[in-house]
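A.B. asks: Submitted below is the structure of interest, expressed as structure tokens.
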Amino acid sequence: MAVRHRLIQVSPSAVWTVLADGGRYADWVVGTSDAHVVRGQWPQTGAAIRYEVWLGPVRLCNETVVRRCEEGLCLELEAHAGVLGTARIAIELRPWGEYCLVIVDEHPLQGAGGRLHNVGFETLIQLRHRAMLARLARLCESEAPDDGRARSAMSDTSTVSGRSGTGHA
């Protein structure tokens, strides 16, 4: 089972805003493009997103279905990857001080992915999750409203030696 976590420096509600927008799925899920909702209202249980995955010159059209949703807390998905089978992907959001700890847990359910699951496959999933969580963090943190952190950091370095903008750290 591939479990990975990342502290994202925004509130859980800011992370949930990105996860709850089905049209943005390809912005944070590694390897996907052209995501769009095909059934239901994302992220309600039963809703589905269809997207493209390119493996070299081969284009696959895959689908992910919401299996469980607790608004603002967790999103459990079942990814259908054709002949590769299906996988369960659980995304949990935990408040961590003023930030959000995001925990992703993925494992194969059916098909070739389940039969071929081994340490090497697990390593690939871990690398994919690292990249996916980095994308999600960049996306959430770049869109978060300014909370004063940047201003206070700038004011700390801009007045060193009493002269604005000329100090050295």
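A.B. asks: What does a probe at V38 reach in segment 50-69, counting residues whose amide N is under 12 Å from the point 7 Å along Cα→Cβ?
C.D. replies: Of the residues in segment 50-69, 50-53, 60-65 have backbone N under 12 Å from the label point off V38.
A.B. asks: Still on this model: Show C69, C140 ordered by accessible area, largest first, where the area counts protein heavy atoms only and the probe is 1.4 Å.
C.D. replies: C69, C140
A.B. asks: How high is the FRET efficiency from V83 to T17, r the C-beta distance, R0 41 Å, rounded to 0.05?
C.D. replies: 0.75
A.B. asks: Here's a follow-up. How much accessible area per residue does segment 28-88 have, in Å², with a 1.4 Å probe?
C.D. replies: On a per-residue basis, 52 Å².
A.B. asks: Given 0.36 nm per residue, what is the gain on full extension from Q110 to E63 after removing their alpha carbon distance, in nm?
C.D. replies: Residue separation times 0.36 nm, minus the Cα-Cα distance, leaves 15.5 nm.
A.B. asks: Please give the length that would be gained between L7 and L101 if that part of the chain were fully extended, namely 0.36 nm times their separation in residues minus their C-alpha to C-alpha distance (nm, one decimal).
C.D. replies: Using 0.36 nm per residue and subtracting the Cα-Cα distance, I get 33.4 nm.
A.B. asks: Can you sort W16, W96 by solvent-accessible area, 1.4 Å probe, largest first?
C.D. replies: W96, W16
A.B. asks: Report the full-extension gain for the segment V30 to R130: residue separation times 0.36 nm, less the Cα-Cα distance, to one decimal in nm.
C.D. replies: Answer, rounded to one decimal: 35.0 nm.
The values are calculated or read from the model by the stated rules, or taken from the named source; none is laboratory data. This structure is a prediction, so every number in the text was calculated from the model and none was measured. Positions of Cβ are backbone-derived with ideal geometry, glycine not excepted, and every protein chain shown enters the neighbour counts. Calculation scope for accessible area: heavy atoms of the full protein, side chains included, ligands and nucleic acids excluded. Shrake-Rupley method; radii C 1.70, N 1.55, O 1.52, S 1.80 Å.
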